[in-house]
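The values are calculated or read from the model by the stated rules, or taken from the named source; none is laboratory data. A quick note: this is a predicted structure, and the numbers were derived from the prediction, not measured. Heads up, the Cβs are rebuilt from the backbone with ideal geometry, glycines too, and the neighbour counts pull from every protein chain shown. When the accessible area is computed, the model is the full protein with side chains, heavy atoms only, and any ligands, DNA or RNA have been set aside. Shrake-Rupley method; radii C 1.70, N 1.55, O 1.52, S 1.80 Å.
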Amino acid sequence: QVQLVESGGGLVQAGGSLRLSCAASGRTFSTYAMGWFRQAPGKEREFVAAISWGDGTLYADSVKGRFTISRDNAKNTVFLQMDSLSPEDTAVYYCNARRFIGLLTTTPGNYWGQGTQVTVSS
């Protein structure tokens, strides 16, 4: 099984930036597509971004142009650089791993991190 641990969340002012990290262990990291999801209070968990083994990326429209997902396979780590943050970005952000079979989608895999809180103040 894959274990995922997020870090980098916190409190930031609107317009600011934050970089989330997700460290993966178990199995073979490069085999998996990695993604970020988020869940705001009272809302369902939603897709944010995903990245394939070959660094292909997919973004939700709400974050496109502001967020950047990347991965460092040598460090078994995926990142989410978040710029121009707004209060609507406030949520718990979850790292996700999905076995990659050749196509990136917004569908999550079965491996989740514990989540990291991101709070954007007005």
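At most 11 other Cβ atoms within 10 Å and a DSSP loop assignment: could you name the trypsin sites (Lys or Arg not before Pro) in the range 7-46 that fit?
LYS43
Return the carbon/sulfur percentage of the accessible area of the range 1-101, one whole number, probe 1.4 Å, all protein chains in place.
So the carbon and sulfur contribution to the accessible surface is 47 percent.
Provide, for q = 0.14, 0.19 Å⁻¹, the log10 of I(q)/I(0) from a solvent-free Debye sum over equal Cα point scatterers in the chain.
Debye curve over Cα of the chain, log10 I(q)/I(0) at q = 0.14, 0.19 Å⁻¹: -0.51, -0.95.
Under 1.5 on a/c is rounded, so check that first for the range 17-66, then, if it is not, pick prolate when a/b is larger than b/c and oblate when it is not; a ≥ b ≥ c are the square roots of the alpha carbon gyration tensor eigenvalues.
prolate
If you bin the C-alpha pair distances of the range 69-122 every 10 Å from 0, what whole percents do you get?
With a bin width of 10 Å, the distribution comes to 19, 47, 29, 6, 0.
Could you provide, to the nearest whole Å², the per residue accessible area of the chain with probe 1.4 Å?
About 51 Å² of surface per residue is accessible.
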